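Some notes on the structure that comes next.
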Amino acid sequence: MNSLVFRSKTSTDLASFHLISKILEALNNRLLVGGIFCDLRKVFDCVDHKILLARMYQYGITGKGLKLITSYLHDRNQRVIISSRSKLYYSDWESIKQGVPQGSVLGPLLFLIYINDLPQTINLLADPVLFADDTSMIVKSTEPWEFLYSIQRNIINADTWFKSNSLLNTDKTHLLQFYTKIGQIMDLEVCYENKLLQLILLNFLD
């Protein structure tokens, strides 16, 4: 598992420690350092059951175990109940075709299995740090052209993974450049799908 959430002895503090350590190490080595931060929306409700079950089979979960999880996910229904002035209003029952049950013991584990291969998509060009629906990618390089290329490629690779796994990325993707000296600042213009991503400069030791 590559995510630092829903696991024993992990927390937001540990995720922050990993993230800061990667940034500090790169700055100490006088590298250009940037961060791509993706915040997904309603990811637990967007988990595709077919993709999840195929991924579990790929990881070696077969036979009765896979049938049990299939039964757990299928034929579930939900409806909305609204209370107004001591009167209850009910929506129609609708079948649940995607998502993992929240508030359950298995829900977080199934979500971790679902996103477990995401870091492999970005490992070659960045250091990923995953915490629930927050995905961070630290990009570092000695060369400005390689730095810009890695940022651009990682955004494309991550977005392709999100879309192919029915986890559509939102506009909450931010690009940060970390620096300790003025000379390390680059005039970055990163575009994706005809949109210019906002660049935030952060003096890491200020």
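The values are calculated or read from the model by the stated rules, or taken from the named source; none is laboratory data. If you're wondering where the values come from, they're calculated on a predicted model, not measured in any experiment. Every residue, glycine among them, receives a Cβ derived from its backbone with ideal geometry; neighbour counts consider all protein chains shown.
Things to note:
- Contact map, the range 71-94: first residue under 24 Å from Leu52 (Cα atoms) and among the polar types (S, T, N, Q), second residue in a strand (DSSP E or B) and modelled with pLDDT under 90, Cβ cut-off under 6 Å, separation 6 or more or different chains; pairs are Asn77/Ser95.
- Residues considered: Ile113, Ile138, Ile122, Ile81. Of these, the only one that is out of contact with any helix residue (DSSP H, G or I) (no Cβ under 7 Å at 6 or more places or on another chain) and aliphatic (A, V, I, L, M) is Ile81.
- Any hit, the range 49-60, residues being modelled with pLDDT under 80 and farther than 23 Å from Met137 by Cβ: no
- Which numbered condition Ala132 misses (of (1) modelled with pLDDT of 85 or more; (2) under 30 Å from Asp75 (Cβ atoms); (3) aliphatic (A, V, I, L, M)): (1)
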